[in-house]
1. In the list I61, I79, which residue meets the criterion of being within 13 Å of I21 (Cβ to Cβ) and either of a type outside the set (G, A, S) or surrounded by fewer than 16 Cβ atoms within 10 Å (Cβ to Cβ) (or both)?
2. For the stretch 59-114, give me the residue count where each residue is among the β-branched types (V, I, T) and more than 15 Å from L14 (Cα to Cα).
3. Would you check if E85 is under 30 Å from K104 (Cα atoms) and in contact with a helix residue (DSSP H, G or I) (Cβ under 9 Å, 6 or more places away or on another chain)?
4. In the stretch 27-85, which residues are more than 23 Å from D96 (Cα to Cα) and in a loop (DSSP other than H, G, I, E, B)?
5. Please identify the pairs in which a residue from the stretch 78-106 that is within 13 Å of L53 (Cβ to Cβ) has its Cβ atom under 8 Å from the Cβ atom of a residue that is of a type in the set (K, R) and surrounded by 11 or more Cβ atoms within 10 Å (Cβ to Cβ), counting only partners at least 6 apart or on another chain.
6. Is there a residue being within 11 Å of the chain's Cα centre (by Cα) and buried (at least 18 other Cβ atoms within 10 Å of the Cβ) anywhere in the stretch 65-74?
Amino acid sequence: MKSLGCTPVLYVGLPNLDERIDLLRVFLRKRMNACVDSNLNEDKNLHQLASKLKGYSGADIEQIIDDAALEAFNQRGCITCKMIEEKIKSCPRSVDEEQLRKYKEWGKKYGNIA
């Protein structure tokens, strides 16, 4: 029998610094069949890139890595920090401050905040 109640909604905010570092690791690992510069996986480089990704969603970060991987493929090279930094500069965030504020208000009013 199907429930007639409301389905709970969970608002999940943008990733924090540690979560962005983890996302970078996951998305780069997914592209290990492509060439990934060995320096890119060093903690200091991941931390530096993650700091530049404040305000980006997980999907935004994955798109940036995808774009860098495509560029590396086209150049027959490896994904580098520089490539990712250039993609960060050219890829706008998908959620601006006003949208984020509205999502948070909506989450407080209608759902749970994670």
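Bear in mind these aren't lab numbers, they're just calculated from the coordinates by the rules spelled out. Since we're looking at a predicted model, the values are computed, not measured. Note that we place each Cβ from the backbone using ideal geometry, even for glycine, and neighbour counts take in every protein chain shown.
1. Details: I79 fails: within 13 Å of I21 (Cβ to Cβ).
Every option except I61 fails the conditions.
2. The total comes to 6.
3. Numbers: under 30 Å from K104 (Cα atoms): yes; in contact with a helix residue (DSSP H, G or I) (Cβ under 9 Å, 6 or more places away or on another chain): yes.
So E85 fits the description; yes.
4. The answer is R31, M32, N33, A34, C35, D37, E42, Q75, R76, G77, C78, T80.
5. Close Cβ pairs satisfying both conditions: E85/K52; I88/K52.
6. yes
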